[in-house]
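See structure below.
The values are calculated or read from the model by the stated rules, or taken from the named source; none is laboratory data. All figures in this text were calculated on a predicted structure; none of them were measured in a lab. Here Cβ is always computed from backbone atoms with ideal geometry, including for glycine, and neighbour counts include all displayed protein chains.
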Amino acid sequence: MKKIILLLVAAGAGFSAMAQVRGGDNFFAQKYVIDLDFPVGVLLQTPTSSMPLNYYNVAYSNVDKLKMGAGMSYGADLEFGYFFGLMNKFGIGAGIQYLQQNSTAQLGNFRVDYQAADSRGDVDRQILSSTGAIKETLTSTSINIPVVLKYKKRFTTRIGLSVDAGILYNLQMDNKWKTDAQFNYEAAYMFTPGSNSGVPTVYDNSHTATVNQSDWLITQAMYQLHETEGTPKSYFDSLHSRGVNVALGVKPNNTSGTVSYTTGSIGFIFRPAVNVRLTKRMHLKVGAYYTYQSFNNKTTDGYKLIDKMGTTYSTLLNTVSTSVNSSMGVNIGLRYFIGTPTDKQFDGKYDE
């Protein structure tokens, strides 16, 4: 009887130890997983842009280079993974990814002097400039298919490592833009020398608008020198009502819209994470990520930033031919193990 009791105690201890080993492995060696990731980080954009000046007979221009400021990127990624081999450490995965990214596009100086004619048919030098830096707020949404190589490694009964690395195939990239840009329309009239009435006017195509005694320069600076009544805006509004192409603080009729980049671009993703066991099948993933994507865009033919006396505005994105977007930050996710692990060696441990 004493021997039987001792055998039962020993067997119980053995099963307890085996259960601890099995419980410690917690399905980590299983072949099939579902990963749900939530990346949050910073967005960096490098655009290739050219600002065409499709205005008639341009005499002078001062236009800065387009810049895109750093922004924020966040989204969700759902993937299915399959691990292979005796150790089940390496695998492949694919899924769907949604990203939303917020950033800005900015143009510092914008001024262009070109030939125009007012409603009376008199030729003038139109001086078009922005009232300040032109800024657009951008909200970009993209849908990608990640195809990655996967790696997993268990360090302890509760802690492990997972790494995803592969490509991102873009299905959709839409950029919603919004601006509060305003523009000034000033003018310079050069009258025909020797003419009694000064008419007809002629176009002054010198680098800087010439100011002769008989010429008429309608600018804010000239107003401040010679006018003592009213305000610059009231003065310009009065002239505009009489058919002269001048106005201050003109707001475009369209201040928002959407530009879609060309789909089908190939990018890259790298995502390492520490895995912490929550339940037998569920693990918490905490780590970092890095993505790189290059997008192409079809620029607008005959592009004009602002046209028709301020009524038609064309987004700065219409000057972008390519944009390289990279994002990096933290990633928090969940990994769920599907199926039941096996013990092919019959050693009381789940296969790894």
Failed condition for GLY121, given (1) in contact with a Leu (Cβ under 7 Å, 6 or more places away or on another chain); (2) under 26 Å from TYR313 (Cα atoms):
(1)
Enumerated strands (runs of 3 or more DSSP E) restricted to the range 82-171, each holding at least 3 residues that are of a type in the set (A, V, I, L, M) and under 30 Å from TYR203 (Cα atoms)
110-117, 123-130
So, in the range 283-332, exactly how many residues are over 16 Å from SER265 (Cα atoms), touching a Ser or Thr at 6+ places or on another chain (Cβ under 8 Å), part of a strand (DSSP E or B) and of a type in the set (A, V, I, L, M, F, W, C)?
2
Quick one: count up the residues across the range 222-270 that are of a type in the set (Val, Ile, Thr), surrounded by 12 or more Cβ atoms within 10 Å (Cβ to Cβ) and more than 30 Å from TYR290 (Cα to Cα).
4
All but one of (1) at pLDDT 90 or above; (2) under 30 Å from GLY91 (Cβ atoms); (3) not aliphatic (A, V, I, L, M) hold for GLN115, so report the exception by its number.
(2)
How about the range 265-316: which of its residues are of a type in the set (Lys, Arg) and touching a residue at least 24 places away in the same chain (Cβ under 8 Å)?
ARG271, ARG277, LYS280, ARG281, LYS285, LYS298, LYS304
Considering the range 44-81, residues that are of a type in the set (D, E, K, R) and assigned to a strand (DSSP E or B), and then whichever is farthest from the chain's Cα centre (by Cα), we arrive at GLU79
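SER142: under 29 Å from VAL63 (Cβ atoms) and either in contact (Cβ under 8 Å) with a residue 24 or more places away in the chain or within 27 Å of the chain's Cα centre (by Cα) (or both), yes or no?
It is false that SER142 is under 29 Å from VAL63 (Cβ atoms) and either in contact (Cβ under 8 Å) with a residue 24 or more places away in the chain or within 27 Å of the chain's Cα centre (by Cα) (or both).
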